[in-house]
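First the structure, in the form of structure tokens, and then the observations on it.
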Amino acid sequence: MVVSPLSSARFPVPLEWGAPPAPEAVPAARWLVGAIVREWGVPLPDDALRDLELCASEVIANALLHTGDRCAVTVLRRPGRLRVEVTDRCPALPQRERGVEETGGRGLLLVEVLAEAWGWYPQGDGKVVWFELPEQHEAPCPMHGWGTALGLAFSSPVAC
């Protein structure tokens, strides 16, 4: 019987699992990152959740493609932010720029645009590539009843 990280965690703790070195592992890992965040009840609008999943799939795909080996995926929740870390056994540094003639290799440019922060650090024989996104609290506009305001907390009605 395969045990999913979701079956054993019901509160925000770091979750880590291994992704096997196969192309079909990327969509499954991407889905699992999103499922963990939804299970934790992290306040993210749909577009931010899609950004999180896209960044996760790019970093996971890079680790699997460039190492041909398993990678470890860790999802962490810290006050006000989410962090995804992907650990692999390849010491080569992440490359975020490619030649204009190349058709691939621009995943880290997407991560740079979509994530609030990203980076890497050495670990053992390999490295950890990570990115972070802020939690986004939405509140309905109290005067008009339409739209949302990000990051606002209300104690009394205000004009929007």
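Worth a mention:
- Model label points for residue 116 and residue 24, set 7 angstrom from Cα along the Cα-to-Cβ axis, are 3.7 nm apart.
- Residue 125 - accessible surface, heavy atoms, 1.4 Å probe, Å² rounded to 10: 130 Å²
- Pair residue 54, residue 78: separation of 7 Å Cα→Cβ label points (nm): 2.4 nm
- Counted residue by residue at 0.36 nm each, then reduced by the alpha carbon distance between them, the extension gain from residue 123 to residue 90 reaches 10.9 nm.
The values are calculated or read from the model by the stated rules, or taken from the named source; none is laboratory data. Because the structure is a prediction, the values reported are computed rather than measured. Cβ sites come from the backbone with ideal geometry, for glycine too, and all protein chains shown count toward neighbours. The protein model used for the area step is the full one, side chains on, heavy atoms only, and it has no ligands, DNA or RNA in it. Shrake-Rupley method; radii C 1.70, N 1.55, O 1.52, S 1.80 Å.
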